Amino acid sequence: MCQHQPPCPTADSPDREAARLTAHHPEQGWSLLCNGVLLFEDTGELLPDGQIIAPHRPLAGRVVRAA
């Protein structure tokens, strides 16, 4: 899909969110990346093969302490 040089990360690579934006619709809460990934405002993702990646937004303001 990607025509950029160097090419964007593929949809199945761990750094897939680093691909360039193809379409951005903040009013609807989603963006389409060059690698075909739909990235949602809540950090969830829909991959081109239909696989769903659950939101992985960090919990803001939460402090975790080691026991």
Any idea which of (1) open to solvent by 40 Å² or more (accessible area, probe 1.4 Å); (2) in contact with a Leu (Cβ under 8 Å, 6 or more places away or on another chain) is the one ALA11 doesn't satisfy?
-> (1)
Considering segment 37-67, residues that are open to solvent by 80 Å² or more (accessible area, probe 1.4 Å) and charged (D, E, K, R), and then whichever is modelled with the highest pLDDT, we arrive at ASP49
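Considering only residues of segment 5-45 that are assigned to a loop (DSSP other than H, G, I, E, B) and of a type in the set (Val, Ile, Thr), which is farthest from PRO55 (Cα to Cα)?
If we filter segment 5-45 for residues that are assigned to a loop (DSSP other than H, G, I, E, B), which is where we start, we get 5-15, 19-20, 26-29, 34-37, 41-44.
Next, only the ones that are of a type in the set (Val, Ile, Thr) stay: 10, 37, 43.
Values: THR10: 19, VAL37: 14, THR43: 5 Å.
Selected residue: THR10.
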Can you give me the number of residues within segment 17-36 that are closer than 16 Å to ARG57 by Cβ, surrounded by 16 or more Cβ atoms within 10 Å (Cβ to Cβ) and touching a residue at least 12 places away in the same chain (Cβ under 8 Å)?
-> 1
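The values are calculated or read from the model by the stated rules, or taken from the named source; none is laboratory data. What you are looking at is a predicted structure, and each value in this text was computed from that prediction instead of being measured. Glycine also receives a Cβ, built like all others from the backbone with ideal geometry; neighbour counts cover every protein chain displayed. These accessible areas exclude ligands, DNA and RNA; they are computed on the full protein's heavy atoms, side chains included. Shrake-Rupley method; radii C 1.70, N 1.55, O 1.52, S 1.80 Å.
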